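A.B. asks: Just passing along the structure, written as structure tokens.
The values are calculated or read from the model by the stated rules, or taken from the named source; none is laboratory data. Computed from a predicted model, the values in this text were never measured in an experiment. Neighbour counts are summed over all protein chains in view; Cβ atoms, including those assigned to glycine, are modelled from backbone coordinates with ideal geometry.
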Amino acid sequence: MDGSAFTLKGKLPTLLGDAFLEEVKGKTVLDFGCGEGAEAVEMALAGAERVIGLDIQASLLARARTRAKEAGVEHRCNFCTETSEPADLITSIDAFEHFGEPKLALDAMYGLLRPGGTLVASFGPTWYHPLGGHLFSIFPWAHLMFSEDALIAWRSDFKTDGATKFHETAGGLNRMSIARFERIATESAFKVTTIEAVPIRKLQSIHCKWTREWTTSIVRARLQKPQ
């Protein structure tokens, strides 16, 4: 949760495997929900021909542009709030639990992907993870023990943005579960290649299809657009 797991070799190889950065070389990549652009810059440095970072928060995009300039890859990165440029590969990292309309987001990704292209997604913690409430998980599963109203009221003591629901907070929370993501993916126009529920290390011994909502660390998925 604090990012320390990615210190040694970066977020993308840690989440998606060491071979992933080889996959981006020479390609146009769209990072859907790019945030501050760390992964977009990582892919540009790894040899992506062009990286489009897409996000709805202008303040995050400004930081992403600064990050790309400092890394010397600003000429290969474009950070924007909307795009119609087709991509060979789309990444979505730590974003699917934040999209206000995840089904519509997936449909948009499909439309922006070239035929035969791949969507690679990794996200978590999912809603039933001990810390699935993100900021609202004051302690494990606190977001499930207290009502939304109570947690929003607690948040209002130090946040003054006027949010009254989880999805209205900065970044938003859509209560994404593993089962919900699987349903959205299988009902989409994509062909599902893999959807993997990666267990929390300390709970790996009890991780199975019956407990996965409670014992999964992240979800990794690959979806393919037909030729």
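A.B. asks: I'm told Lys103 meets every condition in (1) charged (D, E, K, R); (2) assigned to a helix (DSSP H, G or I); (3) more than 30 Å from Glu196 (Cβ to Cβ); (4) in contact with a helix residue (DSSP H, G or I) (Cβ under 9 Å, 6 or more places away or on another chain) except one. Can you identify the failing condition by its number?
C.D. replies: Of everything listed in (1) charged (D, E, K, R); (2) assigned to a helix (DSSP H, G or I); (3) more than 30 Å from Glu196 (Cβ to Cβ); (4) in contact with a helix residue (DSSP H, G or I) (Cβ under 9 Å, 6 or more places away or on another chain), Lys103 misses just condition (3).
A.B. asks: Another question, then. I'd like to verify a number: residues in segment 142-184 that are assigned to a loop (DSSP other than H, G, I, E, B) and under 15 Å from Gly124 (Cβ atoms), how many?
C.D. replies: Adding up the residues that qualify gives 6.
A.B. asks: So, in segment 106-126, how many residues would count as being crowded, with 19+ Cβ neighbours inside 10 Å and either modelled with pLDDT under 95 or not in a strand (DSSP E or B) (or both)?
C.D. replies: Residues in segment 106-126 being crowded, with 19+ Cβ neighbours inside 10 Å and either modelled with pLDDT under 95 or not in a strand (DSSP E or B) (or both): 6 in total.
A.B. asks: Which of the residues belonging to segment 82-103 are of a type in the set (A, V, I, L, M, F, W, C) and either closer than 15 Å to Ile56 by Cβ or free of Cβ contacts under 8 Å to residues at least 24 places away in the same chain (or both)?
C.D. replies: Ala95, Phe96, Phe99
A.B. asks: Condition first: assigned to a helix (DSSP H, G or I) and surrounded by fewer than 16 Cβ atoms within 10 Å (Cβ to Cβ). Now tell me which residues in segment 204-227 satisfy that.
C.D. replies: Those that are assigned to a helix (DSSP H, G or I) and surrounded by fewer than 16 Cβ atoms within 10 Å (Cβ to Cβ): Gln204, Ser205, Ile206.
A.B. asks: Still on this structure, please answer the following. Residues being surrounded by 15 or more Cβ atoms within 10 Å (Cβ to Cβ) and either touching a Gly at 6+ places or on another chain (Cβ under 8 Å) or of a type outside the set (Phe, Trp, Tyr) (or both): count how many of those fall in segment 128-140.
C.D. replies: Number of matching residues: 8.
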